[in-house]
Amino acid sequence: MPIAESDIKWIEAPKLGFLEQLYLPIVYDGLKTTIGHIFGKSKTESYPEQEPKLPPNYRGVHRLNRDEQDRVKCVACYMCATACPAHCIDIVAAPAPAGWTDREKYPETFVIDELRCIYCGMCEEACPVDAIELTTLYDLTGYSREQLVFDKEKLLGIFDATTKSGTDPVRSRSGALGPASETAKA
Amino acid sequence: MPEFDLLTTTIIIGGLVAIVMSIVGYATLAERKVSAWIQDRVGPNRVGPLGLLQPLADGGKFFLKESPIPSHVDKIFYLLAPAAAMAIALLALAVVPWGGTTPPPKPVAVNMAADGKTPDYSKAVQRFDAEQGEYRNQFQGVIAPGLDIGIVYVFALGSLAIYGVILGGWSSDNKYSLLGSLRSSAQIISYEIPLGMSIVGVVLFAGSMNLETIIAWQKQNGWFLMFQPLAFLLFMVSVYAECNRLPFDLPEAEQELVGGYLTEYGSLKFGMFMLGEYTHMITTSFLMSIVFWGGWSLFGLEEVFTDPIAAAVLKAAILGGKMLGFLLLYIVIRWTIPRFRFDQLMGLAWKVMIPLSLLHLLAAMLVRQYGWSNWALTAISIGLFVAFGLVAAFKKIAPNNTPRRKVIPKMLPRVMVG
Amino acid sequence: MPTVYVNDKPVEIGAEKLNCVQVAAKAGVEVPHYCYHPALSVVASCRMCLIEMGELKDGKVTMQPKVFPGCQTPVKDGTVIVTGDYAKRKGETALPYDPAYKPGDRTKKAQADTLEGLLLNHPLDCPVCDKAGECKLQDYSYEFGHGESRLMDAKNRPANKPELSSKITLFTDRCILCTRCVRFTREISGTSELQVVGRGHHEEIDVFPGFPLENKLSGNVVDLCPVGALGSKDFLYTQRVWYLKTTDNVCAGCSTGCSIHTDANKDIVYRLRPRENLENQGHFMCDEGRWGYHYTNAPDRITRPLTRIDGALKPTDWQSLSKLKETFEQAVFVSAKKSVAVLSPFLTVEEAYRLGAAFKSMHREIRLVLGPVPLTGVDDHYPKDVKGNAVAPTKFTIRAEKCPNRTGVESVLKKLQGEVISFADIAKLTLDAIWFAGGYPNPDVVDAAIPDDWAAPKLLIVQDLFHSKLTRAATTVLPATTAFEKDGTFVNHAGYVQSFHRSVKAPLEVRSELQLAFDLAGKKGLATVAAVRKDFAKELPQYASLAEIALNTNGRLTLATV
């Protein structure tokens, strides 16, 4: 397809005045800026010596929240798995254990492939019971791919660790249950 | 300095090359560090204290990396190119003073003998020997002292440097390499002209092409920067183009040409190109300091010490400091001025710099011919510069080759539809 | 011609007796409803199908001042129906309404209010509810309902009733009391296990103590339930419905050949649902078929060829079986009269035809035999009365013949050799070579058909889903495909022809019977049902119309009677 003449927008280069044509004043101006920056303060954060100050809504490693009775809050609705654009969440649902009077369904297994995940936070958006959350933990490393496939226990462990260290994500409505368990309180 | 002595010369050359190589190494580090500071970063700081061992690590990497040779290249020239680039760059350093110098003795005038008919050679020879002996006994901060054609030699070798680029680009058998080297050749040939012309005024004034003599002239009469600021400007701009530095780094413009003529080079071969390039930068920095900034002279400060060794060190330090200043300017300019478009680059050379240098040369000749004050040339220099600015601003001859509205649409491919 | 106006669109109804919901459907307008079901009696209890109604007479429309339940209100010539979707109508000139009347507004409000009422006690636990995604309450609330609840008080939370049935559980709080399930057990199965107990806000679906919902059609109440109150324990929490890929299929459970939807995800069948087909079984299917699909996912299924080496069956691959055809051909050539090819009634018409033709082409005298036909008890008709006797008119029948395609295979056999030889006839004989093309979901059927003193032939090639007496005696065992894994055609007990498309891919090492038949006949290339149908269109004129079908991925059926 040739470009239609009507689609061409011609932009004239701005006309240079006398001082601009001399170049030197402009070069001087530029040098002022660049040399000024040489003596300016560096903005580099020297990670790992210097811990980065992350915004409290940073999206890092996931965690699975616990409810007041230390049970997994997740009700295995698959909303996160459905919303996930990277298909990194795998859930196997099962009827809730006999003692759990407030819900019928719970995740028998809950696996997130942290390598596949793109940390978009859609799972968290989708979760109707605030069970899955992205923490501010950013330094996720491992020696093998298998190590970074997080199962339910590990994800719950992250909840324990982050609540202990007081790094709750700000989006957390900790304690407030979503609509699915609304009636449980009522 | 005594007669030619292989051992001493070898030691001096070896020592100097070692120093230059370390300067080159640290120039790369400086390039990265200064770039980082300009961009409010920290720069390399992991290897050694403050990253000071980074050049060693880089060099080691260049040595230890696998050095694959693409199957499609012209092997001989492909291997020759980096060697040429580096060797030529190093050769040019031979005549560039790096410390205190004295001008070589002028040719001895041969007077007529007592009979007034035959030239009295013996006296002249005697005097010549005496002057030479005295000259040789003085310490000269340059590898090959007393080379009469000094600056021409440097320019000749500087022009040869293009061979490294063209050979590399051609033998790589890669379109990016070829385009890069073509651009480079066009660019370097174009800028050779203002480069050479700008220096003629200096040679006219100093009456010699010998760099030591030029320094000596400046020591006596004042820096050429003061009398020929326009020549300095032209020289500096041309030198930036010769070195393929921003804003004239079109031969290796990554955004347009991948790596230009360097595309097919890796490991030590790439390293040699880089060494050559940085050596070239050092040479030209020395030249700028020597030709326009008085070399080792600094308003009499260089004569504070009477002790010859201390004086020599001080002179070397002054010259080294000036050179480092220009080296830094190279780096700072890189982040100050964006790259020219190729037509702008060519326009600048042919429409502005060459006429300007010609006019400047004419002015220098006039000043010399009529014995006007040197300051007259300063005034004429500035006047010429301003006049060109005015003309460019109002007559549109500046290197502004923005495509005109009516030209381009006709060049667009037209396909009949329907 | 009697004409009814639905949202100003004239619909000619002829002599049919229709209610407003049906007429609206004819006009392409959906009237939302929960309790109304075309196969059940009308109770108009959910109040979701409310519409505005009037009459066009003498060039003037007289609208009734109230809204009416559409399912319960019959229409006549000149009836004017206005639904909540009135504003969405396209291109119709407006009827001469009273200028003060705003069509559709009343219905919209009525629908929204009805939904608000239905949602009062609904727990809104969609995340854990298996119905979510195909729930009418979700759909209608989204489309017609209020955005939020105004309820301030606590919701009723009656306990769940998993003991309702061994197969079905009841989430009591999700129920909206449409009573479809109750009417189903009363009118279709006739077993009347379910009823509504309690009054007002405390109404619940329940069974009599000691009389759980156990009848052979009970699974249908799960489909009938418009919300997630009744759940199949078989499907409970296994998949979210939006992951399922639905294909139209035919149930292979009995010779009724119910039209079904197969819901599968990643090539695993998770659920079968009846597909409304009034020409065949109607709206429903039996539990045996519904939950009888598990054999296709069974771990002990034969999923790769096996061959007998040193007296034991060892797994092998298809490459090493390339001589199988020659071996069988040779055996047939040596003693054609003592060679038999068995075609089971689980094969499709295409497979039977292609296999039969391949065997007949080896030798004219090879006998084609109809495989064992599974029969259990007698045909089971519904509804039943209190004593368990069938009551006329019959609304659903579970056949005693537990195979989908005896009629079809017989028609092929009659064409290819003029007679149908039953398996029992040849089971007594001593034979040299048998090719058994099975595909029996239940190996007991095969075992029962083999006499105790049966002498295995020298060459026995068995193609089946599960191990049986036959495979244990076989020289080579080939895997077979299930009805979910192949394209084909079944003919039911009454000669009703249904073609279908496969729902899932067969396991990796399973080669389809059709492909095998192609290989046996020495045909090159990939086997497709379309090619086979073209082949037998000339020889079996009753299936000629099948050749015209282009099976799309949805597997629409074309119907013909044999």
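Quick note: the coordinates plus some simple rules give every number you see, no bench work behind them. Being a predicted model, the structure only gives us computed values, none of them experimental. Counting neighbours? That spans all protein chains shown, and the Cβs are built from the backbone with ideal geometry, glycine included.
Structure notes:
- Compared with the dominant Cα axis of chain C, that is its longest principal axis, helix C:105-119 is turned about 60°.
- Amide H contacts of C:Leu50: C:Gly70, each under 5 Å away and 5 or more positions distant or on a separate chain (H built 1.01 Å from N in the peptide plane; Pro and chain starts excluded).
- As a length-normalised measure over Cα pairs under 8 Å and 6 or more apart, the relative contact order of chain C settles at 11 percent.
- This model, with +1 at the C-beta of Lys and Arg and -1 at the C-beta of Asp and Glu, gives segment C:1-144 a dipole about its Cα centre of some 280 debye.
- Percentage of interatomic Cα-Cα distances in the protein assembly as shown larger than 43 Å: 65 percent
- Relative to its residue count, segment C:3-106 spans a Cα convex hull of 95 Å³ per residue.
- Furthest towards positive pole of dipole, B:Leu262, B:Leu234, B:Ala206, structure part segment B:142-288, Cβ charges: B:Ala206
- Sorting the segments C:335-344, B:26-35 by their mean number of nearby beta carbons within 10 angstrom, highest to lowest, gives C:335-344, B:26-35.
- Cβ crowding within 10 Å averaged over residues, with B:73-86, C:212-225 ranked highest first: C:212-225, B:73-86
- Least to most buried among C:Cys46, C:Cys258, C:Cys135 (fewest other Cβ within 10 Å first): C:Cys135, C:Cys46, C:Cys258
- Contact order relative to length of segment A:95-161, as percent, for alpha carbon pairs under 8 angstrom and 6 or more apart: 35 percent
- Degrees separating the helix A:152-165 axis from the principal Cα axis of chain A, which is the longest one: 70 degrees
- Magnitude of the charge dipole, chain A, Cβ model with Lys/Arg +1 and Asp/Glu -1, debye to 20: 320 debye
- Assigned charges on the beta-carbon of Lys, Arg, Asp, Glu; segment C:306-561 dipole about Cα centre (debye): 400 debye
- Partner chain coverage, peptide C:115-128 - average Cβ within 10 angstrom: 4
- Inter-chain neighbour count for A:30-41: the average number of beta-carbon atoms from partner chains within 10 Å of each residue's beta-carbon is 5.
- As a rough guide to protection, the peptides C:424-432, B:267-275, C:526-534 ranked by mean Cβ packing within 10 Å, highest first, stand as B:267-275, C:526-534, C:424-432.
- Helix C:349-362 and the longest principal axis of the Cα set of chain C meet at an angle near 10°.
- Counting lysine pairs in segment C:300-415 that sit 8 or more residues apart in sequence, or on different chains, and whose Cα atoms lie under 24 Å apart gives 22.
- Cβ crowding within 10 Å, taken as a proxy for footprinting-reagent exposure, orders B:Thr378, C:Thr3 from fewest neighbours to most as C:Thr3, B:Thr378.
- Take every DSSP beta bridge whose two residues both sit in the protein assembly as shown; close to 75 percent of them are antiparallel.
- Relative to the globular-protein estimate of 2.2 N^0.38 Å, the Cα radius of gyration of segment A:69-118 stands at 1.24.
- Share of alpha-carbon pairs per 10 Å distance bin for segment C:448-489, given as whole %: 27, 44, 23, 7
- For chain C, the share of DSSP beta bridges that are antiparallel, to the nearest 5, is 70%.
- Taken as entire DSSP H runs, the helices of chain B that both span 18 Å or more between Cα atoms along their own long axis and average 0.0 or more on the Kyte-Doolittle scale are B:6-38, B:75-92, B:150-171, B:175-206, B:229-242, B:267-292, B:308-334, B:354-370, B:374-395.
- Of the residues A:Tyr119, C:Tyr140, B:Gly133, the one whose Cα sits farthest toward the positive end of the charge dipole of the protein assembly as shown, with +1 on the Cβ of Lys and Arg and -1 on the Cβ of Asp and Glu, is C:Tyr140.
- Sorted ascending by nearby beta carbons within 10 Å, beginning with the fewest, A:Val92, B:Val154, C:Val386, B:Val20 become C:Val386, A:Val92, B:Val20, B:Val154.
- Relative contact order (%) - criterion: Cα under 8 Å, at least six apart; region: segment C:3-106: 33 percent
- Across every pair of non-identical alpha carbons in chain B, the mean reciprocal distance, once inverted, gives a Kirkwood radius of 23.7 Å.
- Look at the stretch B:36-42: the mean tally of other chain Cβ atoms within 10 Å of its residues' Cβ atoms is 6.
- Dipole of segment C:306-561, positive end: most advanced residue of C:Asn405, C:Gly371, C:Pro451 [Cβ charges, Cα centre]: C:Asn405
- For chain C, alpha-carbon Rg relative to the globular expectation (2.2 N^0.38 Å, N residues): 1.15
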